[in-house]
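Visitor: Have a look at this one.
Here, each number is a calculation from the coordinates, and none is a lab measurement. Keep in mind the model is a prediction, meaning the values are calculated, not measured. Don't worry about glycine lacking a Cβ; one is built from the backbone with ideal geometry, like all the others, and counts go over all protein chains shown.
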Amino acid sequence: MRVRFAPSPTGFLHIGGVRTALFNWLFARHYGGQFILRLEDTDEKRFVQDAADDIMASMRWVGMNWDEGPDVGGPHAPYVQSERKALGIYQGPADALVASGHAYKCFVTPEGEEAMRAAWAAKGERPERFRFRGPERDWTPAQTAEAEANGRPFTIRLKVPLDGATSFSDLVRGGDQITIANADLYDLVLLKTSGMPTYHLAHLVDDHLMGVTHVIRGEEWVPSAPYHIMLYQAFGWHMPTFAHVPNILRQDGKGKLSKRKDDVSTNRFWERGYLSQAMFNYLALQGWSYDDKTEIMSRDEIVARFTIDRVQASPARWNPDKLKDMNGIYIRSLPTAEVAKLLMPYMVKAGMVADPPRAEDLSYLTQLTPLVHERLEELQQAAEMLAFFFADLPAYEPKLLIQKQMDAARTADVLRAAHAALNSIEVWATDTLEAQLRDLVGRMAVKPGQIFGSIRVAVSGRTVAPPLFETLAALGRERSMARIAAAAIALE
RNA sequence: GCCCCCAUAGUCUAGCGGCCUAGGACGUCACCCUUUCAAGGUGAAGAUCGCGGGUUCGAAUCCCGCUGGGGGUACCA
């Protein structure tokens, strides 16, 4: 089994593209076949520098590797179509098709085609029914030779039959046949005026040359599949098996994901602190499922379980909440020390830790990580959650200190009492802090939440924060005492 | 417009003729735990299986029509 993912380097790879790549990769790994990466840069106008590197980095981040590809080489190198074009790989097949009568040289220019459309409409035909058919279909070899001798530029187009229909079967649709009438097709360009092949010719020649057995691609390719079928038949080549996998639709369901409209570039997710395994797991479940219950699966488990017959034919919907939930599950499954290391870059980026971090920065962060570990859904959230450990408290509203059924004077009393009580602690640690403060609760005749809430705001500046005793312990005696004292004063 | 594909709760899905009084997950809500927030636990609401016809003893599951959604309609991929 040999499959490939063949992106076009016209920009970053969004998660929908990664998902399609992933299905190919899973298929190859499940059956012990090969996964090929090929760059389809036949669009000379939309080429984007660095896009190829970004695409490969995104794929590697999610956890895919390839057996053959632009950077790793392979028996069918090169794996970049512009380089293959320079080698003349596509010219021969195109010429062969012309020679066998399956294709023809077409001298109609873009302006000429516009004129043909206008003429079609003028005849009273519905404009939307126009299907391009070159007049050269019926030319004699002499006519073509003459035009060519005159130096007129031409494309090579597929000579699509005027009647009949073309069918093919699709694995995702249970092997059902999809049939399209040839009259609804047009004479597809195979070789552009520039001599560059179009996707249709290039991918097919390469798939054949590279021994691709299964074409797993997005469902947007279904309408052009009949052309590909015709091409295989015209060449007399063995036809691969097709599997058109569903697209991922935008969150609102209005269309498929788009690079321009949606914030779905793959590298944005590692920037925000998504774990590679979480993304892998989530993406695998976009259009594929194992059974009626299992969702959290390791890469190996997914590889072992992935089959095309369990791929859905209907499109999935992009659901960031679900991804986030899954990311939280994976973060919680990691050892705290591991999470601390993962968190460091985010702390540095937020300017809370020196760049590069010192050894004591990591040990302090390791001490703080348990306070936020199970609360994280994205690693980047840690910087915000832990900010008050790394800087003086920003100004906050003193009103926040006052808990339910309390007033300013009473709250100030409580804070002063807490300050005094903590002052007497010999060993500043979570358990001693808790014992001392719980004792205070009894003595002051207030509810735990009333004291703890006030102290929480006093030391963190916020009402939602990590557990109090652990926070005080990690913050240290001096800073804790200073913040509690300052809070009491702020209430006067 | 035309062509193609698809159709189970707000979302992702299980289901491939009787096991379904339709299962799981996200999200939502409630309760428990609890110093806040999470996590965890328990529970609830939420689907006339898009609608209408068939086939069958029996249909979410098969067929047809309709509707809705998506995709395609380039010398882009």
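Visitor: Tell me, what are the semi-axes, in whole angstrom and largest first, of the equivalent ellipsoid of segment A:230-281 as set by the roots of 5 times the Cα gyration tensor eigenvalues? Don't jump to the answer; show the numbers that get you there.
Guide: Values: eigenvalues 240, 54, 22 Å².
Its equivalent ellipsoid spans semi-axes of 35, 16, 11 Å.
Visitor: For segment A:175-266, what ratio Rg/Rh do Cα atoms give with a Kirkwood hydrodynamic radius? Numbers along the way, then the final one.
Guide: Values: Rg = 15.6 Å, Rh = 15.4 Å.
Ratio value, two decimals: 1.02.
Visitor: Could you derive backbone 3J(HN,Hα) for segment A:88-101 from the dihedral phi with the Karplus parameters 6.51, -1.76 and 1.60 (θ = phi - 60°), listing whole Hz in sequence and x where the residue is Gly or Pro?
Guide: x, 4, 9, 4, x, x, 5, 5, 4, 5, 5, 4, 8, x
Visitor: Less than 11 Å Cβ to Cβ from A:Val457, Lys/Arg counted +1 and Asp/Glu -1: what total charge do the surrounding residues give? Please report the intermediate quantities before stating the final value.
Guide: On the way: positive: A:Lys399, A:Arg456, A:Arg462, A:Arg483; negative: A:Glu397.
After counting each charged neighbour, the total is +3.
Visitor: If you don't mind, another one. Would you mind working out the magnitude of the charge dipole of chain A relative to its Cα centre, with +1 at each Lys and Arg C-beta and -1 at each Asp and Glu C-beta, to the nearest 20 Debye? Don't jump to the answer; show the numbers that get you there.
Guide: Details: 56 positive and 61 negative charges, 166 e Å.
Dipole size: approximately 800 debye.
Visitor: Which listed residue (A:Ala284, A:Ala435, A:Met352) has the Cα farthest towards the positive end of the charge dipole for chain A, taking +1 on Lys and Arg C-beta and -1 on Asp and Glu C-beta about the Cα centre?
Guide: Comparing the listed Cα positions along the dipole, A:Ala435 ranks first.
Visitor: Using the Cα atoms of segment A:399-492, I'd like the radius of gyration and the largest Cα-Cα distance, Dmax, both in angstrom.
Guide: 11.7, 33
Visitor: Packing-wise, with mean Cβ within 10 Å as the measure, how do A:151-162, A:53-64 rank, highest first?
Guide: Descending mean neighbour count gives A:53-64, A:151-162.
Visitor: Mind checking which aspartates and glutamates have their C-alpha under 18 Å from A:Lys159, skipping anything on the same chain fewer than 8 residues away?
Guide: A:Asp95, A:Glu113, A:Glu136, A:Asp138, A:Asp184, A:Asp187
Visitor: Of all DSSP beta bridges in chain A, what percent run antiparallel (nearest 5)?
Guide: Values: 17 of 31 bridges.
That works out to approximately 55 percent antiparallel.
Visitor: Same structure again: Divide the volume of the convex hull of the Cα atoms of chain A by its number of residues and quote the answer in cubic angstrom per residue.
Guide: On the way: hull volume 103.9 nm³, N = 492.
Taking only Cα atoms, chain A has a hull volume of 211 Å³ per residue.
Visitor: Let me know the Kirkwood hydrodynamic radius for segment A:238-396, please, with Cα pairs as the basis and the value in Å to one decimal.
Guide: Values: mean 1/r = 0.0556 Å⁻¹.
By the Kirkwood definition, the hydrodynamic radius is 18.0 Å.
Visitor: Something else now. What lysines could a cross-link reach from A:Lys399, if we take a straight Cα to Cα line under 20 Å and drop same-chain neighbours fewer than 8 places away?
Guide: Output for A:Lys399: A:Lys447.
Visitor: Sorted by packing (mean other beta-carbon atoms within 10 Å per residue), highest first, where do A:225-232, A:36-43 land?
Guide: Values: A:225-232: 20.0, A:36-43: 22.5.
Peptide ranking by packing, descending: A:36-43, A:225-232.
Visitor: For segment A:376-454 and segment A:123-157, what is the separation of their Cα centres, given in Å?
Guide: Here the two parts' Cα centres lie 83 Å apart.
Visitor: When N is the residue count of segment A:112-184, what does its C-alpha Rg come to as a fraction of 2.2 N^0.38 Å? If you can, show how the numbers build up before the last one.
Guide: Numbers: Rg = 17.1 Å, N = 73, 2.2 N^0.38 = 11.2 Å.
In units of the 2.2 N^0.38 Å rule of thumb, it is 1.52.
Visitor: Can you tell me the alpha carbon radius of gyration of segment A:331-388 divided by the globular rule-of-thumb value 2.2 N^0.38 Å? Provide the component values of the computation, followed by the final result.
Guide: Values: Rg = 10.1 Å, N = 58, 2.2 N^0.38 = 10.3 Å.
The reported ratio for this selection is 0.98.
Visitor: Under the rule of at least 5 residues apart or a separate chain, name every residue whose amide H is placed under 5 Å from the amide H of A:Arg317.
Guide: A:Leu249
Visitor: What does the charge count near A:Asn247 come to, summing +1 for each Lys or Arg and -1 for each Asp or Glu among other residues with Cβ under 12 Å from its Cβ? Show your work: numbers first, answer last.
Guide: Details: positive: A:Arg19, A:Arg217, A:Arg250, A:Lys256, A:Arg317; negative: A:Glu219, A:Glu220.
Neighbour charge sum, excluding A:Asn247 itself: +3.
Visitor: Continuing with this model, one more query. If I model segment A:48-90 as equal point scatterers sitting on the Cα atoms and use the Debye formula, what is log10 I(q)/I(0) at q = 0.16 Å⁻¹?
Guide: Per q value, in the given order, log10 I(q)/I(0) is -0.49.
Visitor: Would you kindly derive the ³J(HN,Hα) couplings of segment A:211-220 from the backbone phi angles with the Karplus curve 6.51 cos²θ - 1.76 cosθ + 1.60 (θ = phi - 60°), listing them in order in whole Hz, with x for Gly and Pro?
Guide: Once θ is set to phi - 60°, the couplings for segment A:211-220 become x, 5, 9, 10, 9, 10, 9, x, 5, 5 Hz.
Visitor: What is the Rg over Rh value, at two decimals, for segment A:412-466, using alpha-carbon atoms and the Kirkwood definition of Rh?
Guide: Over the Cα atoms of segment A:412-466, Rg/Rh equals 0.94.
Visitor: At a Cα cut-off below 23 Å, give the lysines reachable from A:Lys341, other chains included and same-chain residues fewer than 8 away excluded.
Guide: Straight-distance partners of A:Lys341: A:Lys324, A:Lys349.
Visitor: For A:Ala103, list long-range residues whose amide hydrogen, built 1.01 Å from N in the peptide plane, is under 5 Å from its own amide hydrogen.
Guide: Result for A:Ala103 returns A:Val98, A:Lys159.
Visitor: Could I ask something else about it? Could you give me the ³J(HN,Hα) list for segment A:104-112, computed from phi with Karplus coefficients 6.51, -1.76, 1.60 and θ = phi - 60°, whole Hz, x at Gly and Pro?
Guide: Coupling constants for segment A:104-112: 8, 7, 10, 9, 6, 8, x, 5, x Hz.
Visitor: Still on this model: Principal axis extents for segment A:9-134, Cα atoms only, whole Å, descending order, please.
Guide: 57, 34, 32
Visitor: For chain A, what is the mean residue ellipticity at 222 nm derived from helices alone (per DSSP H run of n ≥ 4: -39500 (n - 2.57); sum divided by total residues; nearest 500 deg cm²/dmol)? Could you put the intermediate results ahead of the total?
Guide: On the way: 20 runs with 229 residues, N = 492.
Theoretical 222 nm ellipticity from helices: -14500 deg cm²/dmol.
Visitor: Non-local amide H neighbours of A:His214 (under 5 Å, H modeled in plane, Pro and chain starts lacking H): which ones?
Guide: Answer set, sorted by chain and number: A:Arg2, A:Thr241.
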